[in-house]
Amino acid sequence: IVEGCNCQPLALELIGASLKNKEISEWRTKAESLQKGQIFDEYEKILWPLYTSLEDLTSTERECFMDLSSFPNNIRIRAAALMDMWVHTRGQNEDGARPYNILKKLADRHLIELFKRT
């Protein structure tokens, strides 16, 4: 897995988060998937592990993650506002996932960072 992530800390963190509490068979499957990425150039070696992390999300979770690209970089977005947006645009129970669960899953996989209010 380390080689498949090209020793990139961000990629390792994302893949590690996606494999947390998973069976060894899923670790092996992920390792095999990452090995396919080794034929790419340097940029693609970094992007391949990120792709495999996103690949494990449901379509609704991926769409919610992509929604974040509509916001400027490096700004904090209130979780309540984000979840309200998802309820209005995606429905509350689509794919059996509630907005809070999606937010938590994205954070658990280190795709987003949650902050406490200060």
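The values are calculated or read from the model by the stated rules, or taken from the named source; none is laboratory data. These numbers come from a predicted model, not from an experiment. Cβ: placed from backbone, ideal geometry, glycine included. Neighbour counts: every protein chain shown.
A few comments on the model shown:
- Scanning segment 55-74 for residues that are aliphatic (A, V, I, L, M) and assigned to a helix (DSSP H, G or I) yields Met66, Leu68.
Matching residues to (1) in contact with a Ser or Thr (Cβ under 9 Å, 6 or more places away or on another chain); (2) among the polar types (S, T, N, Q):
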residue: Ser53; (1), (2): yes, yes
residue: Leu68; (1), (2): no, no
residue: Asn74; (1), (2): no, yes
residue: Ile77; (1), (2): no, no
residue: Met83; (1), (2): no, no
residue: Trp86; (1), (2): yes, no
residue: Ile102; (1), (2): yes, no
residue: Asp108; (1), (2): yes, no
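- Residue check: Ile24 meets all listed conditions (1) more than 20 Å from His110 (Cα to Cα); (2) surrounded by 13 or more Cβ atoms within 10 Å (Cβ to Cβ) but one, namely (2).
- Leu10 meets each of the listed conditions (1) more than 17 Å from the chain's Cα centre (by Cα); (2) modelled with pLDDT under 75 apart from (1).
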